[in-house]
1. Can you name the condition, by its number, that Arg115 falls short on among (1) modelled with pLDDT under 95; (2) open to solvent by less than 50 Å² (accessible area, probe 1.4 Å)?
2. Those residues that are touching a residue at least 24 places away in the same chain (Cβ under 8 Å) and either over 23 Å from Val301 (Cα atoms) or surrounded by fewer than 20 Cβ atoms within 10 Å (Cβ to Cβ) (or both), I need them from the range 233-249; list them, please.
3. Those residues that are among the aliphatic types (A, V, I, L, M) and farther than 30 Å from Phe14 by Cα, I need them from the range 203-240; list them, please.
4. Does Ala215 satisfy the criteria of being small (Gly, Ala, Ser), surrounded by fewer than 21 Cβ atoms within 10 Å (Cβ to Cβ) and within 19 Å of Pro38 (Cα to Cα)?
5. Only one of these is under 20 Å from Ile23 (Cβ atoms), touching a strand residue (DSSP E or B) at 6+ places or on another chain (Cβ under 9 Å) and among the acidic types (Asp, Glu): Asp67, Asp91. Name it.
6. Only one residue in Ile5, Ile23, Ile79 is open to solvent by less than 70 Å² (accessible area, probe 1.4 Å), in contact (Cβ under 8 Å) with a residue 12 or more places away in the chain, in contact with a Pro (Cβ under 6 Å, 6 or more places away or on another chain) and hydrophobic (A, V, I, L, M, F, W, C), so which one is that?
7. Would you call Leu201 in contact with a strand residue (DSSP E or B) (Cβ under 9 Å, 6 or more places away or on another chain), among the hydrophobic types (A, V, I, L, M, F, W, C), at pLDDT below 90 and closer than 21 Å to Phe303 by Cβ?
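The values are calculated or read from the model by the stated rules, or taken from the named source; none is laboratory data. Keep in mind it's a predicted model, so treat the numbers as computed, not measured. So basically every Cβ, Gly included, is an ideal-geometry build from the backbone, and we count neighbours across all protein chains shown. In case anyone asks, the SASA skips ligands and DNA or RNA and just uses the protein heavy atoms, side chains included. Shrake-Rupley method; radii C 1.70, N 1.55, O 1.52, S 1.80 Å.
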Amino acid sequence: MTFAIHAEKITKRFGDTHALAGIDLAAREGTVLGVLGPNGAGKTTAVRILATLLRADSGHATVAGFDVARNPQQVRMHIGLTGQYASVDEDLTGVENLVMIGQLLDLPAAQARRRAGELLEWFDLVEAGGRLAKTYSGGMRRRLDLAASLVGRPAVIFLDEPTTGLDPVKREEMWDVVRSLVHDGSTVLLTTQYLQEADALADEITVIDHGRVIAHDTPDGLKRVLGGQRLSVRPADPAQRDALSRLLADIAGSAPQPDGRDGLTVAVDSDEVLPEAIARLQLAGIRVTELSLHLPSLDEVFFTLTGNRTGSRTDDRTTSEQESAA
């Protein structure tokens, strides 16, 4: 098995803060590795080390076959990086930003302009390409920043919360970009606060908390952390909720829980409960507007593993400030 990203026992401290306490990360070539965790868990520190922007205190890591500590220049030639905040030059136009990146990567001028045009079209920025980046909206700057990371057609791409600031339509478009990159052979390490994003894109997911890896599996494998499937039912008449709760408890052998959408959900052991539930609901005269059998959501898994809901704010500012000082 060939790993495009392979990190073992990486540690990093900022003063008294252990940002990373011996993490392992591995991404196979041509796949997406999702890295999840609460803010302040160490995700961005890990990305910065793998992208050669920080040096680890200990441990070993290779990216695209090159040691990040011994051969940082070779690593940089094979990677693209988009951080949490857009880093384009606001006093240049969109075209000029991308052409500049191409020239820094030693592309001939004509090839740099051609690549800039391709990326502006890909990210729906053609009409804005001649405008200064300072006139762009936040979402447009984000897309330009993403485009800049792809100028050199990198083999390994680090996307650190890449869809922050994008509306749902643009986020879906970015997912299509990531899928296209992987289809063409690139490897992507993706950090995100959107669990739906990780579920849609990642082949494997590593969950980090307090600088340590606490889980690693496929999305479906992680969902089984909560113990199998869930039966979710929403009554058409809220007055029948208590009767529905008793019925589900009888079927599953445990008390159902509210699902936050006026419905109830309960853990079940097998698919066989679905036809039984349908028959008993009809017999009891309980009409429903929703009835589904599914694995737990990644959001439920995330909360179970870390005790944090996605998007919650913890001590990330402290770690980020320490990284900047370093």
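1. (1)
2. Arg234, Pro235, Ala236, Asp237, Pro238, Gln240, Ala243, Leu244, Leu247
3. Within the range 203-240, the first condition is being among the aliphatic types (A, V, I, L, M), and the residues that meet it are 205, 207-208, 213-215, 222, 225-226, 231, 233, 236, 239.
Once the filter is applied, which keeps residues that are among the aliphatic types (A, V, I, L, M) and farther than 30 Å from Phe14 by Cα, the range 203-240 yields Leu222, Val225, Leu226, Leu231, Val233, Ala236, Ala239.
4. Values: small (Gly, Ala, Ser): yes; surrounded by fewer than 21 Cβ atoms within 10 Å (Cβ to Cβ): yes; within 19 Å of Pro38 (Cα to Cα): yes.
For Ala215, the condition - small (Gly, Ala, Ser), surrounded by fewer than 21 Cβ atoms within 10 Å (Cβ to Cβ) and within 19 Å of Pro38 (Cα to Cα) - is met.
5. Values: Asp91 fails: under 20 Å from Ile23 (Cβ atoms).
On inspection, the qualifying residue turns out to be Asp67.
6. Residue meeting the stated conditions: Ile79.
7. Spelling it out, it is not the case that Leu201 is in contact with a strand residue (DSSP E or B) (Cβ under 9 Å, 6 or more places away or on another chain), among the hydrophobic types (A, V, I, L, M, F, W, C), at pLDDT below 90 and closer than 21 Å to Phe303 by Cβ.
Residue-by-condition table, conditions (1) touching a Leu at 6+ places or on another chain (Cβ under 9 Å); (2) not aliphatic (A, V, I, L, M):
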{"position": "Val35", "(1), (2)": "yes, no"}
{"position": "Ala64", "(1), (2)": "no, no"}
{"position": "Gln84", "(1), (2)": "no, yes"}
{"position": "Leu92", "(1), (2)": "yes, no"}
{"position": "Leu98", "(1), (2)": "yes, no"}
{"position": "Ala109", "(1), (2)": "no, no"}
